[in-house]
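Structure record follows, encoded as structure tokens.
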Amino acid sequence: MRPGFSAAQVVSVGLAIAHLPFVNALAPRTEIADSYDFVIVGGGQAGLVIGGRLSQALKNHTVLVLEAGGNGDAYRERIDTPAYSYFDSLWTTPLNWAYYTVPQPNAADREIEWPRGKVLGGSSAINGLYLTRPGEIEINAWRDLLGDMDGAENWEWDSFFAAMKKSENFTAPSSDVAKTGDIEWDASDHGTQGPIHASYPGYMFEQVGQWVQSLANVGVAISNQMYNGEPWGAGVSTSTINPTNWTRSYSRTGYLDPLPDLGNYDVLANAQVTRLIFDTSNKNNLTATGVEYTPDGGNTTKTVKVNKEVILSAGAVGSPAILMHSGVGPKDVLSSAGVDLLSELPGVGQHLQDHFSVTVTWDTNQETSGSIYYDNGSQKNDTLYLSYIDDGVAYVNSTGLYGTNVSSTQQSILAAMDQYAPNTTYDQGVVAGYKAIYNSTATKIFTSPIGQVEILFMNSDANGDIGITAALQHPYSHGRIYINSSNPMDYPIIDPNYFANPSDWDILLHGVKLARLVGEADPLKSTLTNETSPGAAVQSDDDLLQWIREAAGTEFHPSSSCAMLPRDQGGVVDANLRVYGLANVRVADSSVPPTALSTHLMASTYGVAELAAEIISKFYNPSTATAPLLSSSTNATKTANSTASASSSKKTNGSNTNGTPSSLHIFTSLLFVVAVMFSSL
């Protein structure tokens, strides 16, 4: 029997629609205002958080976000579908910057791929959706590096924990998924009112639960406390999945799409920032007066004026590169690149750290996510199946890797510090900062319960393999980002300096041995039939190390290239995120933490951005806390996408001048709903 609808039902639906918070649809801008109070460089993960929060908290101020990439609408289905992050990767599209490192001498002289998001939402739109958190010990170690710096208390664990929870809207897994995946959690450790969904897939594989049990059987305890500052042990991580429709939840859907039009916020896509423009009348404290950008790949440039501040949120690669192209950075780098030095800041681009990882693989006698997709299994197009994302994690501390040899290993690490200090800087302050980070990592983190390696379960491989990944979390080898050209369209040089310090390859080697143990432990063992890489013939430490050098790659977690440290230790920003030597420029993204964190960087980057918005909002309006955003978007694909207009010359779209729904918008929406209802009759 076909459903019927009464006139009263139709009217009630129409009235409900009239009370929805209609917002403007996001469209590529052809015009923006001449000036804004705040210009945010980068509409990626952090930039959209800050833009959204400031536009809501400082309603009498104007905010502009400039994003180098597009809005992503042409790729929206691929962005939204969690499983497509493996099966229909956006790495091959214009949504990826497609960086590569310079050849790495300690990794078989390979140029290693470094994908980064180039789209509204940044890497949160193209990544693997893991939403893990760092630990209290390492966050407090970060804070301790700041000494008595003004604002250092912002970066204590309690503050950072609250900021991460503020971004989050947690949903527990279904009972079937929880049972199959052996998932444990503590809801009290999560936020429930934030813009970003933190949940679990709607589909699960028995091997995930077997993997968790196998870790327990080799001494890595199962934990439900990995989100309260104690992120060690084994479990299944939350992922940024919206469980109301099984789509990706990312900074665009959380912090931009739901916003009401307050008339003070613009987002401009396809606008790559080339440099900041300064008033140099005070040589010791330059003031940014404008931001130059190109809408067409460098053929032409435009400039928008800055009334109050510039916030750089272009990521661990982009933020230091923009500073250098603006004349702020190491004098030797700028001189070689042909850029005039305006403010010498030797730490820009230094202290770069990244997680280096490698995967052991096996054939399996079980159906995997990869085999379903690539063998055209019956579930291939099922929405719940397409919500599945690899999410089995474990963080293993030094005792789990070295047993009774932790102390002697620590002494070896500390003894190597001077020998492997960076030789890529003329500045002894940068060297001092390296040693401060190194010493903190070796003394406060290495012997703590914090994970030294991450172990991941992977079953989305194209040929149906099972993979167990080992990833170094706290590298002692630091690299740098730098420029070698005055043309901002030329990519910066990325040198993570992988494995320069032997301590790193020794830790990762122990991680690989542990990965093998997990694969050889019950109950997972019974499902794995043959090790395919590196293979059973590779057994000696020398052979394993050679395989690691040839096979390892980034875990996609670069950080620390605009490190928050004292200026005399190669710091770039202070504890209020202000760039040293610049009166009104801040950096807020993954380039800021001075130490690599034992986690995927998405939650910590949301934390940095939320804290940045609070710091800036309180500076300009001390009596007002950061305003709440609307609740999380419930439909990432079909929700209207908002951007408010800060230019009085531009017309709003679907709302009147004070942001309420227009009669035309309400009437059109009502007609649409009526049409849908009667189409099913």
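Summary of computed values
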| quantity | calculated |
| --- | --- |
| Within straight-line cross-link reach of Lys283, aspartates and glutamates at Cα separation under 13 Å, skipping those fewer than 8 residues along the same chain | Glu344 |
| Local net charge near Val273, Cβ-Cβ under 13 Å (Lys/Arg +1, Asp/Glu -1) | +1 |
| Dipole of the chain, positive direction: furthest Cα of Ala613, Gln207, Gly290, with charges on the beta-carbon | Gly290 |
| Scattering curve values for the range 346-473, log₁₀ I(q)/I(0), Debye with Cα scatterers, q = 0.10, 0.12, 0.19, 0.21 Å⁻¹ | -0.52, -0.67, -1.04, -1.17 |
| Per-bin percent of Cα-Cα distances, the chain [20 Å] | 19, 53, 26, 3, 0 |
| Neighbour net charge for Leu259 - beta-carbon separation under 13 angstrom, K R +1, D E -1 | 0 |
| Alpha carbon Rg of the range 502-604, scaled by the compact-globule rule 2.2 N^0.38 Å | 1.57 |
| Over the chain, relative contact order from alpha-carbon pairs under 8 Å, at least 6 apart, % | 25 percent |
| Amide H within-cut-off set for Ile483, under 5 Å, with H built and near neighbours excluded | Ile493 |
| Total formal charge among the other residues, if their Cβ is under 12 angstrom from that of Ala515, Lys/Arg +1 and Asp/Glu -1 | -1 |
| Top positive-direction residue, dipole computed over the chain with Cβ charges, set Pro523, Tyr227, Ser540 | Tyr227 |
| Percentage of interatomic Cα-Cα distances in the range 184-233 larger than 11 Å | 75 percent |
| Entries in Lys59/Lys618; Lys166/Lys380; Lys165/Lys618 that, when Cα-Cα distance is taken, lie over 24 Å | Lys166/Lys380 |
| Farthest positive-ward along the chain dipole, Cα basis, beta-carbon charges - from Leu146, Gly403, Asn106 | Leu146 |
| 1.4 Å probe accessible area per residue over the range 308-458, in Å² | 33 Å² |
| Spherically averaged projected area of the range 401-490 from its Cα convex hull (nm²) | 9.9 nm² |
| Ranked by how many other beta carbons lie within 10 Å on average, peptides 357-365, 282-290, 91-99 from highest | 357-365, 91-99, 282-290 |
| Table column - 3J(HN,Hα) (Hz), the range 430-438, Karplus curve with 6.51, -1.76, 1.60, x for Gly and Pro | 4, 4, 4, x, 4, 5, 5, 5, 4 |
| D (Stokes-Einstein, µm²/s), Kirkwood Cα radius, the range 268-396, 1.002 mPa s at 20 °C | 111 µm²/s |
| Value at 222 nm in deg cm²/dmol, rounded to 500, when DSSP H runs of n ≥ 4 in the chain each add -39,500 (n - 2.57) | -8500 deg cm²/dmol |
| Fraction of accessible area attributable to carbon and sulfur, the range 410-480 (%, probe 1.4 Å) | 46 percent |
| FRET efficiency estimate (nearest 0.05) - Cβ-Cβ, Glu344 to Asp490, R0 30 angstrom | 0.85 |
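The values are calculated or read from the model by the stated rules, or taken from the named source; none is laboratory data. These figures come from a predicted structure and were not determined experimentally. No Cβ is skipped: glycine too gets one built from the backbone with ideal geometry, and neighbour counts run over all protein chains shown. Ligands, DNA and RNA are excluded from the accessible area calculation, which covers all protein heavy atoms including side chains. Shrake-Rupley method; radii C 1.70, N 1.55, O 1.52, S 1.80 Å.
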